[in-house]
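The values are calculated or read from the model by the stated rules, or taken from the named source; none is laboratory data. Quick caveat: nothing in here was measured; it's all calculated off a predicted structure. Here the Cβ positions follow ideal geometry from the backbone for every residue, glycine too, while neighbour counts run over all protein chains shown.
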Number of protein chains: 2
Amino acid sequence: MSPTLSEYPGPALPLADLRDAWLVLSKSDRADGFRILKRSDAEEFFLGLSAGDMAELLHALPEKERRVWVRLLAPDDAADLLQSAPGEDRDKLLSCLDDPTRKEVTALMAYEEDEAGGLMNPRFARVRPDMRVDEAVSYLRLQARENLETIYYVYVADEQQHLLGVVSFRELFIAKPDTHVRDVMATDLITVGEEVHQEQVGHLFSDAGLMAIPVVDAEGRIKGIVTVDDIVDVVQEEATEDAQKFGGMEALEEPYLQIALTRMIKKRGGWLAALFLGEMLTASAMAFFEDEIARAVVLALFVPLIISSGGNSGSQASTLVIRAMALGEVRLRDWWRVVRREVAVGLALGSMLGLIGFVRIVAWQAVSPIYGPHYLRVAETVLISLVGVVMFGTIAGSVLPFVLRKFGFDPASASAPFVATLVDVTGLVIYFTVGSVMLRGTLL
Amino acid sequence: MSPTLSEYPGPALPLADLRDAWLVLSKSDRADGFRILKRSDAEEFFLGLSAGDMAELLHALPEKERRVWVRLLAPDDAADLLQSAPGEDRDKLLSCLDDPTRKEVTALMAYEEDEAGGLMNPRFARVRPDMRVDEAVSYLRLQARENLETIYYVYVADEQQHLLGVVSFRELFIAKPDTHVRDVMATDLITVGEEVHQEQVGHLFSDAGLMAIPVVDAEGRIKGIVTVDDIVDVVQEEATEDAQKFGGMEALEEPYLQIALTRMIKKRGGWLAALFLGEMLTASAMAFFEDEIARAVVLALFVPLIISSGGNSGSQASTLVIRAMALGEVRLRDWWRVVRREVAVGLALGSMLGLIGFVRIVAWQAVSPIYGPHYLRVAETVLISLVGVVMFGTIAGSVLPFVLRKFGFDPASASAPFVATLVDVTGLVIYFTVGSVMLRGTLL
């Protein structure tokens, strides 16, 4: 079924063909395809792979071919690769590196993958403050040979590596050659601690619009730099995790078409079962009102309509709050302002839906009188319940992310299904309570 | 209630204070706060604002103070500012710019904000292929004075501006001075067309790991460059839009705490009303089975449990597909592979929930016999229905994003509430149909 690349006839496989086929190729076919690329295409392709794909590809290549590819990587990317590689490959891959790089990579692997230290590159352009500008430029020309990832910013540090300032290469390049670095550098620096979470690092880039941010330790010594090109992937990754949690499951952490079915079922099944157990309370709530339902079956007809409206409005509210938190627009202390807004929004939206529901029942009754003689009472019950349920939905949906964050959980777990479950149970109680009051003496 | 900054006593307001207070300040207080910042802080702060905030701030400043701030902006950022500014301010702001910049900005404003042309900066480092490397470096030193946004990549173009190659500044810097640009440049270029959507541009950056990508017209002439720092914001923006659509509303396009309540209610109310109208079909479906409910009230008890399980599993499936589409992992032609996976997942998850439900009813009955003598039949109905409803949920949730994209809509509109509504109606029909068959001769 899958294309066999080992039979490929041409002199070199076009890069685009391998890209297109990649997802459907087996591991060994991937390696075969990779090996018949033109050398420059292969480099481009290899550097564009995710760390996981890289690790798999290298695993499928003969050991003696690995070295040349591993050595293409900057230390931060090599560390990512090692973290994704199967245990038995790690030492072999590490031994492909030259001594200084191996030391750098080993140091980087002490950091968590999702903190600033795990994202940073320990190779950056650095100069001393008392260098002359022309000396600095010549010195950088030497440093640049050693495979620096970027010379966009040049960092100024003293002998103990304390970060003193920064100067963009462009500024250095156009400054008078005989001035000193100290006189052209900027000292109001944006820096980030080694253990800051990558989501925060993303905000810093987004707010400051920089190409790179230096990572410093507690004593203000520069350890490396995070470049913005790594942040694009971080931002995508965080958005994907949040979206999947919000959809009511654990984050997959693998592409949808690649993850093994059993692993995906596990990641989805856990939450689904938990929600199902929660939702069982609806059966208990309904059982509690079984007599009312038996006497006024008409009440049961509107159960899905009422509870889904609460779930939908709650899903809107929790989306907005979760996303605003992820962007840093809303913080924990803003909770009261958010709740006030959601009370107002819930009242407006609940009244709107309530009126639509009221009109629908009254109009339908005029056409085909299926709701019985007390239809007006039923319509009023639906109207009042919708106001209450929608307001409860917006309040619950907006408060839940704050509660989760307060207790150290990810606010994105306040998923649409989670909020809907919460609102379903409460919505039933609201609806049947309103119904008992409104229909007492008529239907009940 | 709000702090009044015009009474601020100190010599200069700390930048951090203004940042913290920004969201709760009125427009005129923002301008007051901004004006008492230290000049260097003010520049940093101004450049970090969103285009919308910039436009509001400038509007609140006296006209004669605007020029100095507008002139800080690169042409692409100035164009964004003008697009966000109220109509009456545009000409005034445009007149703050010098002649060449005004021309560049006017050209940029012809592009849509969310396409490559609208993101690009028309100022980039360019050299001719037949220059010597040392000539090119001196020439760049001159060009760099004119406020280029980046000299990270140097683009090689002929006299008609046809893009021939690219060389990183670092490579140029360490190349032998007497070689020619033509000999050190790379010719396998990644470029992007002027009208490519920003989401695609984001994928390109994410896949290729570049710091900048050149924008070319249909004839291959370079028009400008998109830099990766602008892409971080694009990626955040697109993720926010998708998240909000998935939460069941229109994208707000403004920060949650800043959008006017009426505007937010409009953006949420539209979808909520549409979903409500759709969900009304559940009342019709229930009415269709009203006789069955009247005879077997026990059936009604499990309605919320059954339909919510379908909604939850559908929400998982649509999240996964929407996000995989946004990341470019899943394309239209992959639909059949996705559906096959979801059938398998739905069967597994449905069976799991069905068994939990079955055990719950049988166990509960043993403790307190509220489900009557035919409880086993009821439990079987719930089991079979859950398998059907969950499978329908995963299939509907995964197919809907494909259908929406096929017909030119945004797949992210296959929101959790939308899928839930679809599944609620169908779920009821499945449940009551299974119930009629299973309970015929006993309860019905």
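For this structure, a couple of remarks:
- Residues satisfying the stated conditions in the range A:25-48, i.e. free of Cβ contacts under 8 Å to residues at least 24 places away in the same chain and either surrounded by fewer than 20 Cβ atoms within 10 Å (Cβ to Cβ) or not assigned by TED's automatic domain parsing to the domain that holds A:Leu93 (or both): A:Leu25, A:Arg39, A:Ser40, A:Gly48
- In the range A:242-265, of all residues being in contact with an Asp or Glu (Cβ under 8 Å, 6 or more places away or on another chain), more than 8 Å from chain B (Cβ to nearest Cβ) and in a helix (DSSP H, G or I), the one that is farthest from A:Pro401 (Cα to Cα) corresponds to A:Arg263.
- Whether a residue is touching a Cys at 6+ places or on another chain (Cβ under 8 Å), more than 22 Å from A:Gln236 (Cα to Cα) and either without any contact (Cβ under 8 Å) to a residue 60 or more places away in the chain or surrounded by 18 or more Cβ atoms within 10 Å (Cβ to Cβ) (or both) was assessed, and A:Arg67 passes this test.
- Residues that are surrounded by fewer than 24 Cβ atoms within 10 Å (Cβ to Cβ) and facing another protein chain (nearest Cβ under 8 Å), drawn from the range A:335-353: A:Arg337, A:Val338, A:Arg341, A:Ala344, A:Ala348, A:Met352
- Some residue of the range A:223-238 being assigned to a loop (DSSP other than H, G, I, E, B) and either more than 7 Å from every other protein chain (Cβ to nearest Cβ) or aromatic (Phe, Trp, Tyr) (or both): no
The rows are residues; the columns are (1) in contact (Cβ under 8 Å) with a residue 40 or more places away in the chain; (2) surrounded by fewer than 21 Cβ atoms within 10 Å (Cβ to Cβ); (3) not in a helix (DSSP H, G or I).
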{"position": "B:Asp76", "(1), (2), (3)": "yes, no, no"}
{"position": "B:Ala79", "(1), (2), (3)": "no, no, no"}
{"position": "B:Glu88", "(1), (2), (3)": "no, yes, no"}
{"position": "B:Asp91", "(1), (2), (3)": "no, yes, no"}
{"position": "B:Glu113", "(1), (2), (3)": "no, yes, yes"}
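- Considering residues of the range B:110-122 that are modelled with pLDDT of 85 or more and out of contact with any His (no Cβ under 9 Å at 6 or more places or on another chain) only, the residue farthest from B:Tyr152 (Cα to Cα): B:Tyr111
- Selection count, the range B:341-373, where residues are within 21 Å of A:Leu275 (Cα to Cα), touching a helix residue (DSSP H, G or I) at 6+ places or on another chain (Cβ under 9 Å) and either of a type outside the set (Ser, Thr, Tyr) or not in a helix (DSSP H, G or I) (or both): 21
- Condition broken by A:Gly270, with the remaining ones in (1) surrounded by fewer than 20 Cβ atoms within 10 Å (Cβ to Cβ); (2) touching a residue at least 12 places away in the same chain (Cβ under 8 Å); (3) within 7 Å of another protein chain (Cβ to nearest Cβ) satisfied: (3)
- Test: residue in the range B:200-215 that is within 30 Å of A:Ser315 (Cβ to Cβ), modelled with pLDDT of 90 or more, surrounded by fewer than 21 Cβ atoms within 10 Å (Cβ to Cβ) and more than 12 Å from every other protein chain (Cβ to nearest Cβ): no
- Search result, residues across the range B:170-193 that are surrounded by 18 or more Cβ atoms within 10 Å (Cβ to Cβ) and touching a residue at least 60 places away in the same chain (Cβ under 8 Å): B:Val192
- Test: residue in the range A:141-156 that is out of contact with any Asp or Glu (no Cβ under 9 Å at 6 or more places or on another chain), away from chain B (no Cβ under 14 Å) and in contact (Cβ under 8 Å) with a residue 12 or more places away in the chain: yes
- Residue count for the range B:93-105, restricted to those that are surrounded by 15 or more Cβ atoms within 10 Å (Cβ to Cβ) and in a helix (DSSP H, G or I): 6
- The set of residues in the range A:273-289 being more than 7 Å from every other protein chain (Cβ to nearest Cβ) and either surrounded by fewer than 19 Cβ atoms within 10 Å (Cβ to Cβ) or part of a loop (DSSP other than H, G, I, E, B) (or both) consists of A:Ala274, A:Leu277, A:Gly278, A:Leu281, A:Ser284, A:Phe288, A:Phe289.
- Here B:Leu299 clears all of (1) within 28 Å of B:Ala412 (Cα to Cα); (2) in contact (Cβ under 8 Å) with a residue 40 or more places away in the chain; (3) buried (at least 22 other Cβ atoms within 10 Å of the Cβ) except the condition numbered (1).
- Considering residues of the range B:297-334 that are in a loop (DSSP other than H, G, I, E, B) and in contact with a helix residue (DSSP H, G or I) (Cβ under 6 Å, 6 or more places away or on another chain) only, the residue farthest from the other protein chains (Cβ to nearest Cβ): B:Gly328
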